[in-house]
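Okay, so here's the structure we're looking at.
The values are calculated or read from the model by the stated rules, or taken from the named source; none is laboratory data. These numbers come from a predicted model, not from an experiment. No Cβ is skipped: glycine too gets one built from the backbone with ideal geometry, and neighbour counts run over all protein chains shown. Accessible surface areas use protein heavy atoms only, side chains included; no ligands, DNA or RNA. Shrake-Rupley method; radii C 1.70, N 1.55, O 1.52, S 1.80 Å.
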Amino acid sequence: MEFLDVVDENGIPTGETVERSIAHANGIRHRTSHVWLLRRRPEGVEVLLQKRSDDKDSFPGCYDTSSAGHIPAGVDFEDSALRELREELGLTADATELNDCGLIRIQSESFFHGAPFKDDQVSKVFYIWKDVEPEAMKLQASEVSGVIWMPLDECRRRVRDNSMPHCILPEELDMLPF
């Protein structure tokens, strides 16, 4: 079982913990870290998107943040962000490479695999410059089925017009300073 800190609207732990499945069954506020990998190309900035595994409990098969994950109870945003990079993409980074874009509140109610899914997250959004080809990454198959680099402007457009399956908030992309 994975336990998460219950947090206030600013992402500060309340002292309570909750099992992840219960947090999503009941819509209990918890924390996540999101990391966007960026690289520069002559045409402009590109962003790495991960395609979520078809077995994920939410948004299976959708394009998502480069790397993201729930923060286990007692762990901070930065340590969780770096752990998710290692686990999901096989990439190592140092905390000094993380650029903090701020917090975003994510709330949604959906059905996945025939069950209700209520999400209430406070997410810290980071970006990191990391020019690495997909074949050099070691993807965690249970989480990620693939990755693609996409021009940031195209990603913003495709998220806004829903021309690709995704679970990305346009407001989160707008937090990136490019």
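Search the stretch 60-77 for residues being among the aliphatic types (A, V, I, L, M) and over 9 Å from the mean Cα position of the chain (by Cα), and hand back the single one that is farthest from A23 (Cα to Cα). Explain how you work it out, then say what you get.
Filtering the stretch 60-77 down to residues among the aliphatic types (A, V, I, L, M) leaves 68, 71, 73, 75.
Applying the additional criterion that residues be over 9 Å from the mean Cα position of the chain (by Cα) yields 71, 73, 75.
Numbers: I71: 12, A73: 12, V75: 17 Å.
Filtering the stretch 60-77 for residues that are among the aliphatic types (A, V, I, L, M) and over 9 Å from the mean Cα position of the chain (by Cα), the one farthest from A23 (Cα to Cα) comes out as V75.
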Among the numbered conditions (1) among the aromatic types (F, W, Y); (2) part of a strand (DSSP E or B); (3) open to solvent by 50 Å² or more (accessible area, probe 1.4 Å), tell me where F59 comes up short.
(2)
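Being among the β-branched types (V, I, T), open to solvent by less than 20 Å² (accessible area, probe 1.4 Å), within 30 Å of G15 (Cα to Cα) and in contact with a helix residue (DSSP H, G or I) (Cβ under 8 Å, 6 or more places away or on another chain), is that true of even one residue in the stretch 66-76?
Filtering the stretch 66-76 for residues among the β-branched types (V, I, T) gives 71, 75.
Within this subset, residues satisfying the condition of being open to solvent by less than 20 Å² (accessible area, probe 1.4 Å) are 71.
Now drop any that are not within 30 Å of G15 (Cα to Cα), which leaves 71.
This time we only want the ones that are in contact with a helix residue (DSSP H, G or I) (Cβ under 8 Å, 6 or more places away or on another chain), so: 71.
Yes: one or more hits.
Residues are listed down the side, and each one gets a yes or a no for (1) at pLDDT 95 or above; (2) acidic (D, E); (3) open to solvent by less than 10 Å² (accessible area, probe 1.4 Å):
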{"residue": "G15", "(1), (2), (3)": "yes, no, no"}
{"residue": "E19", "(1), (2), (3)": "yes, yes, no"}
{"residue": "S33", "(1), (2), (3)": "yes, no, yes"}
{"residue": "R40", "(1), (2), (3)": "yes, no, no"}
{"residue": "V47", "(1), (2), (3)": "yes, no, yes"}
Among the residues of the stretch 105-131, write down those that are open to solvent by less than 20 Å² (accessible area, probe 1.4 Å) and among the β-branched types (V, I, T).
V122, V125, I128
Across the stretch 149-169, the tally of residues that are over 25 Å from D100 (Cβ atoms) and under 16 Å from the mean Cα position of the chain (by Cα) stands at 1
